[in-house]
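The values are calculated or read from the model by the stated rules, or taken from the named source; none is laboratory data. Note that the structure is a prediction, hence the values are computed from the model and not measured. Quick reminder, even Gly has a Cβ in these numbers, built from the backbone with ideal geometry, and neighbours come from all protein chains shown. Calculation scope for accessible area: heavy atoms of the full protein, side chains included, ligands and nucleic acids excluded. Shrake-Rupley method; radii C 1.70, N 1.55, O 1.52, S 1.80 Å.
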Amino acid sequence: MDGINRLFVMESRNQSSLNRLLTESPLSTEDLNRDRLRMLASLPGTQVKPKGVLGVDDTLLTHYGQDFEKIALLYDHVTGTYVWAHDLVTVHYSDDETDYPVQFQLWEPVELEKLEQGLRAAGVPLKASKESLKVTDPNKWRGYLLGVWQRRQKKHPELRELYDNKLIMVEKMLTQWVAEHPEAHLPVTFDSWFTQPDFCRFLDKQLKLAYVGTLAGTDRVNLKTGEKSLAEFAEHLKQEHLEALSSDGKPVFHRITIPFKGEQETYYSYCTTHQMHGFGRQRLVINYRQADLSDNPTFYISNRLIWHAAGITRIRRHRWPVEVYHEEGKAEGLDQYQLRDFGAIQRHIALVAVVYSLLRAAQHDHDLRARLQRKLEVKFEDNPASGRRTARQKACGAWHCSSLPVSRKAKLCMN
């Protein structure tokens with residue numbers, strides 16, 4: 001019995017055993033995710049709350065080599081280089097008590113042959129001069145086909161079925177969320193990549209959801225005096241504000257305080273409805289963190305034209321937990337799979353979400369926390385070198401439950 005036990009709890013296990021579990025298991029990730037969310041909904045601390053927010057983000061799961069199924073050469077904006085990676089897209093729930101992923105999916109590269117055939121079947125003309133790119137420059141041919149596909153969707157809606165880009169993936173995930181939670185009406189927030197006019201219109205018109213998007217300083221605002229970049233507009237408002245303060249006039253930026261995860265945060269905000277280029281009428285918020293406006297401004301828009309700066313800023317602040325989930329998840333093994341099969345990789349990611357959710361639930365359920373802690377203590381009693389004291393100290397954190405690899409945490413938590 002001691003020997004059998006060591007096979008399960010010691011660090012020195014054959015990686016192929018875990019690979020076979022994830023590759024050959026009949027486990028349904030859809031059923032697993034449904035049960036995970038049902039468990040979270042059963043606890044007051046982790047159930048969806050009226051002031052909850054859905055944050056959208058994606059992250060690259062980088063690997064060396066091209067032998068992984070559906071891996072692609074993608075641009076990493078952090079390093080400014082192209083890397084071989086899978087792209088994980090996540091819709092993440094957050095409130096002041098908890099946070100966890102609600103929907104997630106790996107992006108799949110477009111099938112060029114299927115896309116070309118679909119475009120021709122829909123009667124979309126393709127330039128004969130571009131045909132040679134199939135052989136001479138496949139990347140340019142791919143970019144050309146995707147450009148045609150993107151531009152022709154309004155006239156040919158059926159083209160959307162040919163390929164799910166990240167925006168369509170999120171649209172489908174949020175559509176499923178709304179269908180399963182018709183009474184929730186949670187706002188959605190996202191960064192500047194996802195803040196695109198068609199996506200915002202989909203949320204507003206189709207799903208009837210409030211959103212808080214992010215704009216860059218190069219985006220344009222339409223004013224009575226003409227069109228300006230947001231960077232220029234913010235600088236103009238800043239000068240007005242500083243001049244008003246020096247002459248005891250009315251300030252342009254107002255001090256606001258928002259709650260976030262048990263803390264209070266202060267911003268200096270401008271909030272007014274404006275006509276935004278490409279988006280139409282939007283509630284525009286320009287925020288600074290410093291009272292003298294010496295830092296760089298941030299720009300947010302919302303389709304709720306009567307909302308105030310504090311509410312919009314609070315919602316946008318709840319996008320941060322999805323980034324933390326991705327980054328800390330990578331530190332704990334989210335991108336450290338040694339699997340070639342695409343379905344097995346998705347099971348790995350689903351189990352990571354299970355681990356994270358169980359640890360979040362344990363923060364609000366004393367019995368579950370005690371069971372997880374006992375599991376960890378049994379593991380460390382069998383392997384004292386791993387450090388029992390550290391495990392006890394970290395058993396009640398989010399990702400920081402132990403120094404175990406995430407695959408080992410998953411087994412302990414599921415047991």
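Once you have a ≥ b ≥ c as the square roots of the Cα gyration tensor eigenvalues for the stretch 15-90, tell me rounded if a/c is under 1.5, and otherwise prolate or oblate according to whether a/b is larger than b/c.
oblate
Close amide H contacts of R304 (hydrogens built in the peptide plane, cut-off under 5 Å, sequence separation of 5 or more or a different chain): Y211, R283. Heavy atoms only, probe 1.4 Å: what % of the accessible area of the stretch 1-128 goes to carbon and sulfur, would you let me know? Carbon with sulfur: 54 percent of the solvent-accessible area. Here the stretch 156-281 is treated with +1 on each Lys and Arg Cβ and -1 on each Asp and Glu Cβ, and its dipole about the Cα centre works out to around 240 debye. For the stretch 173-243, trypsin sites (Lys or Arg not before Pro) meeting the loop criterion (DSSP other than H, G, I, E, B) and having at most 11 other Cβ atoms within 10 Å: K208, K224.
If you sort the three axes of the alpha carbon gyration tensor as a ≥ b ≥ c, you get a/c of 1.5 or more for the stretch 317-373 and a/b no higher than b/c, which makes it oblate. Hull volume per residue, based on the alpha-carbon atoms of the stretch 32-75 and their convex hull, is 129 Å³.
Solvent exposure of the stretch 49-141, expressed per residue, is 51 Å² of accessible area, with all protein chains present and a 1.4 angstrom probe.
Given +1 at the Cβ of Lys and Arg, -1 at the Cβ of Asp and Glu and no other charges, the dipole of the chain around its Cα centre is 500 debye to the nearest 20. Over the chain, the Kirkwood radius and the radius of gyration, each from Cα atoms, give a ratio Rg/Rh of 1.01. Using the Karplus relation 6.51 cos²θ - 1.76 cosθ + 1.60 with θ = phi - 60°, the per-residue 3J(HN,Hα) values for the stretch 26-36 come to x, 3, 8, 5, 5, 5, 4, 5, 4, 5, 4 Hz, with x marking Gly and Pro.
Normalised radius of gyration (Cα atoms, divided by 2.2 N^0.38 Å) for the stretch 220-269: 1.46. If you take the square roots of the eigenvalues of the alpha-carbon gyration tensor of the stretch 138-264 and sort them as a ≥ b ≥ c, do you get rounded (a/c under 1.5), prolate (a/b over b/c) or oblate? Oblate shape, in that a/c is at least 1.5 and b/c is the bigger or equal ratio.
Convex hull volume per residue, computed on the Cα atoms of the stretch 1-130, equals 258 Å³. For the stretch 68-188, the equivalent ellipsoid derived from the alpha-carbon gyration tensor has semi-axes of 33, 20, 11 Å in decreasing order.
Sequence-ordered 3J(HN,Hα) estimates for the stretch 241-248 from the Karplus curve with 6.51, -1.76 and 1.60 and θ = phi - 60° stand at 5, 5, 5, 5, 5, 6, 10, 6 Hz, glycine and proline given as x. Note that the stretch 182-306 presents 52 Å² accessible area per residue, ligands and nucleic acids not counted, probe 1.4 Å. Computed per residue of the chain from DSSP H runs no shorter than four, each worth -39500 (n - 2.57), the mean residue ellipticity at 222 nm is -12500 deg cm²/dmol.
With a 1.4 Å probe and every protein chain kept in, tell me what percent of the accessible surface of the stretch 137-191 is carbon plus sulfur. About 52 percent, which is the carbon plus sulfur part of the accessible surface. Counting only protein heavy atoms and a probe of 1.4 Å, the accessible surface of the stretch 301-341 is 51% carbon and sulfur.
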